[in-house]
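Student: Sending over a structure as structure tokens; questions will come in a sec.
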2 protein chains.
Amino acid sequence: MSIKMGVLGPKGTHSEAAASYLNERLDTPYELVTVPDLFECLQEVDEGRLDTALVPVENSLEGAINITLDTLARSETLEVARELIWPVHNQLMAKCGAETIRRVYSHPQPISQCRAYLQQHYPQAEIVKVSSTARAAELVAAESASSGWAAICTARAGELNGLHTVAAEIQDNMANCTRFFQVRRRGTGNPVLPKEKVLIICQIDGQKAGALYDVLKEFAERGINMTRIESRPARTELGAYIFFFDLEYTPDEQALQESIEAVAKKSIWLKNLGTFPVYTVE
Amino acid sequence: MSIKMGVLGPKGTHSEAAASYLNERLDTPYELVTVPDLFECLQEVDEGRLDTALVPVENSLEGAINITLDTLARSETLEVARELIWPVHNQLMAKCGAETIRRVYSHPQPISQCRAYLQQHYPQAEIVKVSSTARAAELVAAESASSGWAAICTARAGELNGLHTVAAEIQDNMANCTRFFQVRRRGTGNPVLPKEKVLIICQIDGQKAGALYDVLKEFAERGINMTRIESRPARTELGAYIFFFDLEYTPDEQALQESIEAVAKKSIWLKNLGTFPVYTVE
């Protein structure tokens, strides 16, 4: 029986491209299932209709993907199996013969990433936000070339829809990467993956002076390196936050465990989302 | 000559309601000018076409308003003059006689805040995101009652557009507040306002183990209380972050200054966005 991995669809999204890349590196590739919405994709895994999912968690230009963070923080069953760092290449694509670009479709994130390019080259174009880059390519493909519609999407989404490249690599900054988490239900995965990072989520009492400093001390004094901190509202009151700590794995498992236990004692609640390897694209 | 304050428009937005409240508490009220876009609103102040602006920076349910944080971090001229904590009351409003709600218009933030209510009461309704809650009310007012359109907006926006309340207080959580910053160009405002908070923005070398801990230590060891930490991508590479520290003002100005100078030495760059009072709504 094949193992099903959900990704944000339709075919041709950055998520699908990243999942295909990961698949090529695995002995037993996943069967990719496209889901139209990120929250729904995570719910499908949480509730057991999908085995796993590859979801974006952070982009180097636009920051955290809040829906992923909020869903991970509120789930009692999900953990992280793998991290993948994926370079993002945005193309401006249209039908052959489209001479004047009057309207540009894309997902809000690539639109933000290409803001300077669009302002410089197509200041008059109407910008329309849709649910994914692949959906943008579909919409443009359904219209005639004379409409002047274009999509910001992956090369693959454009090709799947018969579009050609008007301009390649149009993002404002070449250092454009998206971090993905492969998530699964606890205890359902392969336990022998390499250990490189640990994700801890906790809620700290923000009303106490120096509370965050006290927590970070537990990691710093044991030589545990934190590579990222992110905060999201706890949704109980203004000023109450949930923190996401990305820790570098250390073979000194005792120090790591002690630091997590010490942080748990200083937190309202704490979840360990797992220890996992990081994949990068060469 | 009147002093012009920009707010996200059109009339009837939460921003305009908050600005009107602030105005009632001032000896010399500002002349409110509505601007259709938050980035544009901040630019107008930065470039001197408006004197000041009141902009949302954080919501207790949905988190940071990224465009405000990113613009403040990148500006060389803006500073914070006042903070206002504004309770958010979302209403579902429609034309009299609208019996079945088939489509709901609002800004993405209230749509998120009312997600559970909409799923429970109007699971079939189409949800359409527009630029502001007031714009949502305008769109609904322009259509006939039989269309079944409704808006999530302030009571004021609904009244301005002749809508009536279908349901009041529909946000998922009663602890729904938005923090606003009143921003201005440095040195253009009243220097004798009460001192309650300090906003520091800096970029820390994220590749150095314990770098954030080292920075927080400078505040903690001098008894400076940090009420909030937020991070945003530096946009240079994945893993490089800009941090926003909200500090409680302390009359021990020397300790405060020393801690900021010590943090500046440990940062790639640091900006002090000012010391300002906090207004709350009774």
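Please treat every number below as a calculation from the coordinates, not as lab data. None of these values were measured; they are calculated from a predicted model. Positions of Cβ are generated from backbone atoms using ideal geometry, with glycine treated the same way; all protein chains shown enter the neighbour counts.
Student: Fewest Cβ neighbours within 10 Å first, please rank A:Val128, A:Val80 accordingly.
Tutor: Numbers: A:Val128 14, A:Val80 21.
The order, fewest Cβ neighbours first, is A:Val128, A:Val80.
Student: Between the label point of B:Gln257 and that of the same position in each other copy, find the distances and list them shortest first in nm, with every label point placed 7 Å from Cα along the Cα-to-C-beta direction.
Tutor: 5.1
Student: If you don't mind, there's one more thing I want to ask. How many angstrom separate the Cα center of region A:208-254 from the Cα center of region B:49-77?
Tutor: Computed from Cα coordinates, the inter-centre distance equals 25 Å.
Student: Specify, for chain A, the residue whose C-beta is closest to the rotation axis mapping it onto chain B, with the distance given in whole Å.
Tutor: A:Leu216, 3
Student: Could you give each residue of region A:26-38 its phi-based ³J(HN,Hα) in whole Hz, using Karplus coefficients 6.51, -1.76, 1.60 with θ = phi - 60°, and x for Gly or Pro?
Tutor: Result, rounded to whole Hz: 10, 5, 10, x, 7, 7, 7, 10, 7, 10, x, 9, 5.
Student: Take the Cα atoms of the protein assembly as shown, find their three principal axes, and give me the spread along each one in whole Å, biggest first.
Tutor: Cα spread of the protein assembly as shown along its principal axes, largest to smallest: 72, 62, 44 Å.
Student: Here is a follow-up. Order these peptides, B:42-51, B:192-201, by their mean beta-carbon neighbour count within 10 angstrom, highest first.
Tutor: B:42-51, B:192-201
Student: Another question, if that's okay. Mind checking which aspartates and glutamates have their Cα closer than 12 Å to the Cα of B:Lys271? Skip sequence neighbours fewer than 8 apart in that chain.
Tutor: Candidates past the 8-residue exclusion: B:Glu76, B:Glu79, B:Glu261.
Student: What average count of beta carbons from other chains do you get within 10 Å of the Cβ of residues in B:66-75?
Tutor: Average neighbour count from other chains, rounded to a whole number: 1.
Student: Here's a follow-up. Going toward the positive end of the dipole of the protein assembly as shown, with +1 on Lys and Arg Cβ and -1 on Asp and Glu Cβ, which of B:Gly223, A:Tyr117, A:Val278 do you reach last?
Tutor: The residue sitting farthest along the positive end of the dipole is A:Tyr117.
Student: Okay, moving on. Normalise the Cα radius of gyration of region B:138-282 by 2.2 N^0.38 Å (N = residues in it) and let me know the number.
Tutor: Dividing the Cα radius of gyration by 2.2 N^0.38 Å gives 1.49.
Student: Neighbouring Cβ atoms within 10 Å as the yardstick, rank B:Trp269, B:Trp86 fewest first. Please list the in-between numbers first.
Tutor: Numbers: B:Trp269 12, B:Trp86 23.
So the residues, fewest neighbours to most, are B:Trp269, B:Trp86.
Student: Check which residues have an amide H placed less than 5 Å from A:Asp37's amide H, if you skip close sequence neighbours.
Tutor: Excluding prolines and chain starts, which carry no amide H, the hits are A:Gly9.
Student: Under a point-charge model restricted to the Cβ atoms of Lys and Arg (+1) and Asp and Glu (-1), what is the dipole moment magnitude of region A:150-282 relative to its Cα centre, in debye to the nearest 20?
Tutor: Using Cβ point charges on Lys, Arg, Asp and Glu, region A:150-282 gives about 520 debye.
Student: Of A:Lys208/B:Lys217; A:Lys217/B:Lys208; A:Lys208/A:Lys265; A:Lys197/B:Lys266, which ones are farther than 18 Å apart at the Cα? Walk me through the intermediate numbers first.
Tutor: Working: A:Lys208/B:Lys217 15 Å; A:Lys217/B:Lys208 15 Å; A:Lys208/A:Lys265 14 Å; A:Lys197/B:Lys266 26 Å.
Long pairs (Cα-Cα over 18 Å): A:Lys197/B:Lys266.
Student: Between A:Ala98, A:Ala17, A:Ala134, find the one with the highest GNM mean-square fluctuation for chain A; connect C-alpha pairs within less than 10 Å.
Tutor: Checking each option, the largest mean-square fluctuation is seen for A:Ala98.
Student: Would you mind checking the radius of gyration and Dmax of region B:197-277 based on alpha-carbon positions, in Å?
Tutor: 12.2, 39
Student: Running a GNM on chain B with Cα contacts under 10 Å, which residue among B:Arg156, B:Arg179, B:Arg102 ends up with the highest mean-square fluctuation?
Tutor: Per the Cα network of chain B with a 10 Å cutoff, B:Arg102 tops the list.
Student: Separate question: Would you mind listing the distances between the A:Ile3 label point and the same position in each other copy? Use 7 Å along Cα-to-C-beta, nm, one decimal, shortest first.
Tutor: Distances to the matching label points in the other copies: 6.3 nm.
Student: Let me ask something additional. On a straight-distance basis, which aspartates and glutamates could pair with A:Lys95 in a cross-link, Cα separation under 14 angstrom, same-chain partners fewer than 8 positions away excluded?
Tutor: Qualifying aspartates and glutamates at Cα under 14 Å: A:Glu138, A:Glu143, A:Glu159.
Student: Here's a follow-up. Nearest 20 debye, what's the magnitude of the dipole of the protein assembly as shown about its Cα centre given +1 on Lys and Arg Cβ and -1 on Asp and Glu Cβ?
Tutor: 560 debye
Student: Still on this model: Among A:Gln119, A:Gln171, A:Gln182, whose mean-square fluctuation peaks in a Gaussian network model of chain A (Cα, cutoff 10 Å)?
Tutor: With Cα springs under 10 Å in chain A, the top fluctuation among A:Gln119, A:Gln171, A:Gln182 is at A:Gln119.
Student: Using the Karplus curve 6.51 cos²θ - 1.76 cosθ + 1.60 with θ = phi - 60°, what ³J(HN,Hα) values do you get for each residue of region A:267-282, in whole Hz, with x for Gly and Pro?
Tutor: 10, 5, 8, 9, 10, 9, 8, x, 10, 8, x, 10, 9, 10, 9, 7
Student: GluC sites (Glu not before Pro) within region B:97-159: which are DSSP loop residues with at most 15 other Cβ atoms inside 10 Å?
Tutor: For GluC sites (Glu not before Pro) across region B:97-159 that sit outside H, G, I, E and B with at most 15 neighbouring Cβ atoms in 10 Å, the list reads B:Glu99, B:Glu143.
Student: Let me ask something else about it. Which order results if B:Cys96, A:Cys114 are arranged by neighbouring Cβ count within 10 Å, fewest first?
Tutor: B:Cys96, A:Cys114
Student: Ordered shortest first, which distances in nm separate the 7 Å Cα→C-beta label point of A:Pro87 from those of the other copies?
Tutor: Copy-to-copy label distances at A:Pro87, shortest first: 5.3 nm.
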